[in-house]
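As structure tokens, the structure follows; a few thoughts come after it.
The values are calculated or read from the model by the stated rules, or taken from the named source; none is laboratory data. Note that the structure is predicted; figures quoted are calculated from it, not measured. A quick note on method: Cβ atoms are made from the backbone with ideal geometry, for glycine too, and the neighbour counts reach across all protein chains shown. When the accessible area is computed, the model is the full protein with side chains, heavy atoms only, and any ligands, DNA or RNA have been set aside. Shrake-Rupley method; radii C 1.70, N 1.55, O 1.52, S 1.80 Å.
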Amino acid sequence: MDFSFTEEQTLLRNSVQRFIQDKYDIEARRKIINSEEGMSRDNWNAFAELGLLMAPFPEEYGGLGGDNIDMMVIMEEFGKGLVVEPYLQTVVLAGSFILHGGSEDQKQTLIPEIAGGEKIYAVAFAEPQGRYNLADLTTKAEKSGDGYTINGYKAVVLGGPWADKLIVTARTSGGERDEDGVSVFIVDKSADGVSTRDYPTVDGLRASEITFENVSVGADALLGKEGKGLGLVEKVFDIGIAALCAEGCGALRVLTDSTVEYCKTREQFGQPIGKFQVLQHRMVDMFMETEQMISMTYMVNLKLDESDVERKKAASAAKVQLGKSGKFVGQSAIQLHGGMGMTDELHVGHFFKRVTMMDTLFGNVDHHLKRYTSLDA
Amino acid sequence: MDIDYAPEDEAFRAEVRAFIAENKPKIVADKRARGEELTREDYLAWHKACYKKGWAAPKWPVEHGGTGWTVTQKYIWGEECAKGEVIPPLPFGMSMLAPVIMAYGSDAQKAEVLPKILSGDVWWCQGYSEPGSGSDLASLKTKAVREGDHYIVNGQKTWTTLAQHADWIFCLVRTDPDVKKQMGISFLLIDMKTPGITVNPIITLEGGHEVNEVFLDNVKVPVENRVGNENEGWTYAKFLLSHERSGIAGVASSKRSIEKLKTIARTEFSNGVSLWDDADFRSNISDISIQLTALEYTELRTLASESAGKGPGPEASLLKVRGTEIGQRIDELVVEATGYYSMPFRGGPATDSNVFPVGPEYADGVAGTYFNDRKTSIFGGSNEIQRNIMAKAVLGL
Ligand SMILES: Cc1cc2nc3c(=O)[nH]c(=O)nc-3n(C[C@H](O)[C@H](O)[C@H](O)COP(=O)(O)OP(=O)(O)OC[C@H]3O[C@@H](n4cnc5c(N)ncnc54)[C@H](O)[C@@H]3O)c2cc1C
């Protein structure tokens with residue numbers, strides 16, 4: 001048993017930490033999210049220079065040969081700064097789709113583009129009627145000639161406005177919620193027939209509604225086997241959940257530490273409010289929730305390569321923890337900061353909003369409790 | 001014991017409903033449902049309509065313009081207003097300051113202040129909290145020094161709700177720094193147009209502008225604008241806070257929110273099954289509905305004893321704590337039910353307003369409402385402070 005980090009991982013953590021400290025305080029972030037584009041290309045280039053975009057990929061595809069744990073370390077540190085740049089979408093999700101579903105050719109061409117910071121991705125998976133069911137798809141891809149024609153609609157595609165390329169889930173056969181018949185495609189966002197409506201989200205990101213109208217793609221746009229994509233999709237979103245949990249850990253640590261610090265210095269009734277036992281207990285509960293979240297994050301990241309059932313259970317369990325801990329820690333942080341916690345000026349509110357939306361992303365507590373239950377033998 | 005409505009109550013309900021249907025400011029309700037910022041006129045539209053009808057202040061005594069309704073009628077009124085999604089008259093004048101003026105104000109103050117609160121012509125805001133004095137309100141530092149027939153006021157108030165629209169502010173100020181902190185406070189009425197007052201916005205986490213900082217720099221206030229006696233302001237302040245608390249159970253508005261939640265649950269599908277037909281989600285709705293029923297009956301018991309002549313006691317804290325917790329829980333469930341479409345942010349940067357609404361109409365602003373309503377367990381005496389009050393004053397601990 002070993003929960004320690006390698007020297008490389010520690011160096012990686014330190015370099016991300018330094019970047020966040022220097023470049024990503026709440027004011028810097030505010031500037032970024034209020035800018036026209038809503039993300040910083042300079043930061044993205046800096047991520048490339050720091051090697052963060054190549055960290056989890058094998059060396060033969062231009063990566064640094066890291067693994068899930070490297071991804072976890074990066075995401076946790078990103079969580080402490082509430083980084084908005086689409087690392088989760090591009091490196092974690094799209095990168096994993098290509099790595100685990102792509103042909104040798106696709107890996108050789110596409111992964112270096114991501115690792116080098118040249119291409120940004122978004123993943124278009126959710127549909128209005130589908131809620132959190134990844135197989136509930138009305139977007140269709142029909143064979144035409146060598147390739148496919150895609151028609152359909154995708155909701156709340158995070159990072160959509162920034163993307164060069166989209167990973168799109170679509171149905172090539174079967175009924176709306178069938179397990180069989182799900183396929184995964186890579187589509188240029190600039191392709192004819194792709195149209196977007198872009199908007200900000202409550203947690204400081206940007207998203208798009210995306211319509212596909214007779215969008216033609218070649219045979220090489222297909223990732224994995226036609227109609228057999230659901231397994232790949234589930235695996236990649238479990239990897240995404242593991243990364244999101246790590247981001248959540250970073251955010252929960254900040255919320256808890258900031259609250260403790262605040263309660264040590266804020267005085268009412270002639271003493272620091274941290275002296276009031278009822279607040280002490282609440283902060284101890286925040287601490288315990290944060291620790292449980294960290295444990296669950298390690299757990300899921302260590303189980304990503306196990307059997308499908310074990311991996312799915314681990315991901316759903318960790319996601320349930322994230323939803324519950326996030327809610328408790330976020331709400332408590334606001335409460336204990338009193339009026340200050342309610343302001344846009346203080347960082348705490350921004351962390352609370354992000355953590356709240358983490359519950360929705362990739363399926364909320366209810367959804368993952370059900371998924372866990374269905375797998376628990 | 002009897003909880004049935006008499007036929008005349010049902011007739012009253014019908015009259016109220018008809019009045020609301022006819023006079024409800026529709027645009028304002030739509031704006032509010034989307035979480036959009038309201039103008040001064042938006043806030044006052046319904047108040048003015050009620051004033052015309054003579055129904056602006058059901059809780060006031062008849063001599064000052066109250067309606068003379070029975071407890072049941074007042075309850076029906078509150079319920080129907082919430083169902084109708086109208087914005088009740090702002091509480092600062094109507095339910096906070098007015099009772100203080102009625103109990104402790106001079107005749108001149110009664111004649112000047114009350115009619116203009118009733119008509120909605122003067123907008124009041126509440127200047128209690130300061131940066132260093134929130135829960136420990138009695139530690140407030142804004143000071144008023146007597147100079148002839150004026151006070152000169154210096155200091156800062158904060159979290160002042162809707163001060164940007166206010167004509168007048170009622171303030172707690174320190175008039176004697178040398179005695180026990182509760183003993184040296186006075187209660188002043190200050191015209192916001194007086195030179196030396198500056199109002200700066202505070203933006204709240206969901207992006208709205210409803211609170212402000214109010215700076216007072218050598219503000220001259222006539223002595224006749226003091227309510228009651230000098231250095232006895234704390235008594236009036238506490239009297240006011242108990243009124244602030246009793247209105248805050250929010251049963252009727254929580255009922256309305258549960259209806260909204262049910263509508264969403266019937267519309268949102270997961271695996272082809274509506275959330276309404278999903279046993280887990282449905283039991284969440286049942287659970288919060290049951291909690292709300294308990295609160296409703298607790299409130300009815302309180303109302304009954306109030307109409308029997310007892311003022312709102314420390315039990316009012318129960319209504320505040322449970323009322324806000326329930327309201328916040330419903331907000332959570334609404335966000336959960338809405339799913340991914342709770343994410344779009346209409347008030348966000350670089351927004352093209354043509355893009356909205358994104359997703360179903362009901363999704364607009366649900367996350368903002370959830371974030372913003374976290375305030376309810378903080379203001380009006382935080383829920384921790386309310387529990388302290390009950391521990392001390394009710395349980396004798
Ligand atoms: C949206 C909003 C609108 C408001 N509108 C107005 C207004 O119009 N006019 C006005 O005067 N004020 C207004 N307030 C201020 C409000 O009344 C204060 O925020 C509130 O009293 C808490 O004070 P504080 O913010 O300084 O927090 P603090 O008093 O610093 O409290 C911080 C935390 O410590 C806890 N705490 C403090 N003391 C104790 C204790 N003894 N035991 C246990 N826990 C304790 C609190 O419960 C809270 O969780 C508003 C506030 C908000 C957020």
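Here are the numbers for this structure:
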quantity	calculated
Only listed residue being more than 16 Å from the ligand (Cβ to nearest atom) and within 11 Å of chain B (Cβ to nearest Cβ), chosen from A:344, A:359, A:308	A:359
Matching residues in region A:60-87 - criterion: being in a helix (DSSP H, G or I) and over 19 Å from residue A:15 (Cβ atoms)	A:60, A:61
Pair list, Cβ < 7 Å and 6+ apart or interchain, from region A:340-358 residues that are closer than 23 Å to residue A:242 by Cβ to residues that are within 12 Å of the ligand (Cβ to nearest atom) and part of a helix (DSSP H, G or I)	A:352/A:333; A:352/A:334; A:353/B:371
Pick from region B:348-394, criterion acidic (Asp, Glu) and within 16 Å of the ligand (Cβ to nearest atom), ranking: surrounded by the most Cβ atoms within 10 Å (Cβ to Cβ)	B:384
Top-ranked residue in region B:112-153 [being within 16 Å of the ligand (Cβ to nearest atom), more than 20 Å from residue B:388 (Cβ to Cβ) and open to solvent by 40 Å² or more (accessible area, probe 1.4 Å); ranked as farthest from the other protein chains (Cβ to nearest Cβ)]	B:141
Criterion (within 30 Å of residue A:296 (Cβ to Cβ), in contact with a Lys or Arg (Cβ under 6 Å, 6 or more places away or on another chain), open to solvent by 10 Å² or more (accessible area, probe 1.4 Å) and β-branched (Val, Ile, Thr)) met by exactly one of A:260, A:254	A:254
Of all residues making up region B:191-238, the number that are within 13 Å of the ligand (Cβ to nearest atom), in the same structural domain as residue B:150 (by TED's automatic domain parsing) and in contact with a strand residue (DSSP E or B) (Cβ under 9 Å, 6 or more places away or on another chain)	12
Residue check, residue B:184 under 20 Å from residue B:97 (Cβ atoms), more than 14 Å from chain A (Cβ to nearest Cβ), of a type outside the set (Lys, Arg) and in contact with a Ser or Thr (Cβ under 9 Å, 6 or more places away or on another chain)	no
Residue satisfying all of: in region A:267-288; among the aromatic types (Phe, Trp, Tyr) and within 9 Å of the ligand (Cβ to nearest atom); least open to solvent (accessible area, probe 1.4 Å) among these	A:276
Residues located in region A:183-232, provided they are open to solvent by less than 10 Å² (accessible area, probe 1.4 Å) and among the acidic types (Asp, Glu)	A:203, A:209
2 or more residues within 20 Å of the chain's Cα centre (by Cα): qualifying helices (runs of 4 or more DSSP H) within region B:1-101	B:26-33, B:40-53, B:71-83
Region B:271-306, subset in contact (Cβ under 8 Å) with a residue 60 or more places away in the chain and not acidic (Asp, Glu), residue least open to solvent (accessible area, probe 1.4 Å)	B:275
Of all residues in region A:135-151 being in contact (Cβ under 8 Å) with a residue 24 or more places away in the chain and open to solvent by 40 Å² or more (accessible area, probe 1.4 Å), the one that is nearest to the other protein chains (Cβ to nearest Cβ)	A:138
Enumerated strands (runs of 3 or more DSSP E) restricted to region A:152-263, each holding at least 1 residues that are β-branched (Val, Ile, Thr), in contact (Cβ under 8 Å) with a residue 12 or more places away in the chain and within 14 Å of another protein chain (Cβ to nearest Cβ)	A:194-200, A:206-217
Segments classed as helices (runs of 4 or more DSSP H), wholly inside region A:289-377, with at least 3 members that are small (Gly, Ala, Ser) and within 30 Å of residue B:160 (Cβ to Cβ)	A:308-337
Qualifying residue in region A:103-120 (condition: assigned to a loop (DSSP other than H, G, I, E, B) and either of a type in the set (Phe, Trp, Tyr) or within 12 Å of chain B (Cβ to nearest Cβ) (or both))	no
Set B:194, B:204: member being within 29 Å of residue A:342 (Cβ to Cβ), open to solvent by less than 60 Å² (accessible area, probe 1.4 Å) and free of Cβ contacts under 8 Å to residues at least 40 places away in the same chain	B:194
Residue within region B:85-99 that is more than 16 Å from the ligand (Cβ to nearest atom) and over 26 Å from residue B:31 (Cβ atoms) present	yes
Hits in region B:365-393 - residues which are at the interface with chain A (Cβ under 7 Å from one of its Cβ atoms) and free of Cβ contacts under 8 Å to residues at least 12 places away in the same chain	B:378
